[in-house]
Structure formats: structure tokens, C-alpha cells
Amino acid sequence: MVFATRRKSMTRLIVDTNVWIALLRREQWGQARFLQAIRAGDEIIVIPVVYYELMRGRFKRDDAPSIRFIGSLWAALTYVKTSRDIWNRAARLWAYAVAQNQRREDAAVWIAALALSLDATIVTGNEAHVKIFRVPVVSWMGGPWETAG
């Protein structure tokens with residue numbers, strides 16, 4: 001009997017701003033994790049709030065090489081726009097966090113809402129910012145790639 005080899009299911013990853021900054025700074029751990037994800041066939045998703053946060057810093061510094069690099073790299077990645085349903089989910093998550101006396105920055109709430117809506121994992125160095133939302137999160141900030149609990 002022949003068994004078909006199952007390909008690892010694709011993981012959808014929303015990479016947070018702090019990880020993109022590390023990649024731009026050529027941090028070896030970040031580059032290694034990024035390449036590992038690409039080679040594994042994982043889908044890297046770019047979302048509006050991360051795009052905004054990263055690009056505003058590049059424009060502030062008039063960092064044309066980084067702006068060109070981001071533009072060329074991100075053209076090959078998935079860009080997801082936000083729908084009214086995602087905004088509503090974010091608003092509900094924000095209300096939940098406030099009710100738990102754990103108010104979060106709007107960007108963290110929006111990232112969590114998108115991750116939940118897209119069945120994606122958040123890649124960040126700020127796991128604590130999204131942990132309350134029970135969204136899959138992983139850190140690429142040095143050390144082994146481990147899922148936060």
C-alpha cells in the first residue's frame with residue numbers, strides 16, 4: 001500500500017511591525033525565521049495597520065532604500081484590506097479587553113481581529129499585547145521559534 005505524503009498545511013502569518021523593523025535592520029534571527037516561513041510555503045500577510053506603522057517611520061527618515069525594498073518584497077506577499085466585519089470584530093475585542101481591565105492599543109486590537117478573521121498566526125515580539133484575545137501568536141525575536149501560550 002502506498003501512502004501519499006501530506007504536505008505541511010500552510011500557515012498564514014501576520015508579521016507585526018516590530019518584526020519587519022528587525023528584518024530591515026538585517027537581524028539574523030529575523031531573516032532566518034522569515035526564510036524558514038517562505039521555504040515552508042507559509043503565507044505572509046501584510047495588513048494596513050502594519051503597513052502604515054512601518055512606512056511612516058521610513059518616510060520620517062526619508063529612507064528611500066528601505067521604501068523600495070519594502071515595495072518590492074511586499075508586492076510578492078498577500079495584502080489584506082479591512083472590511084466592516086473585521087472593524088466590528090476589532091471593536092468587540094476592544095470592548096472585551098476594556099471589560100477585563102486590560103485595554104490595548106488600537107493597532108494590537110486590529111491585528112488580533114484580522115488574525116482571528118483570517119485564521120492566521122501573529123508573528124510579534126509583543127505577545128503580551130494580543131494574548132488576551134486568544135489568538136495564535138509566535139515570536140521570532142531571537143531564540144527558537146515557539147508558540148506563545
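The values are calculated or read from the model by the stated rules, or taken from the named source; none is laboratory data. If you're wondering where the values come from, they're calculated on a predicted model, not measured in any experiment. Every residue, glycine among them, receives a Cβ derived from its backbone with ideal geometry; neighbour counts consider all protein chains shown.
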Quiz item: Quick one: would you say Leu77 is without any contact (Cβ under 8 Å) to a residue 60 or more places away in the chain, in contact with a Phe, Trp or Tyr (Cβ under 6 Å, 6 or more places away or on another chain), surrounded by 12 or more Cβ atoms within 10 Å (Cβ to Cβ) and of a type outside the set (D, E, K, R)?
Solution: no
Quiz prompt | Test: residue in segment 95-106 that is of a type in the set (A, V, I, L, M, F, W, C), in contact (Cβ under 8 Å) with a residue 24 or more places away in the chain and closer than 16 Å to Ile47 by Cβ | solution = no
Quiz item: (1) farther than 25 Å from Arg134 by Cβ; (2) part of a helix (DSSP H, G or I); (3) at pLDDT below 95: which one isn't true of Ala107, the others all being true?
Solution: (1)
Quiz prompt | From Gly57, Gly30, residue being assigned to a helix (DSSP H, G or I) and modelled with pLDDT under 90 | solution = Gly30
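Of these, Ala95, Ala115, which one is outside any strand (DSSP E or B) and within 17 Å of Asp16 (Cβ to Cβ)?
Ala115
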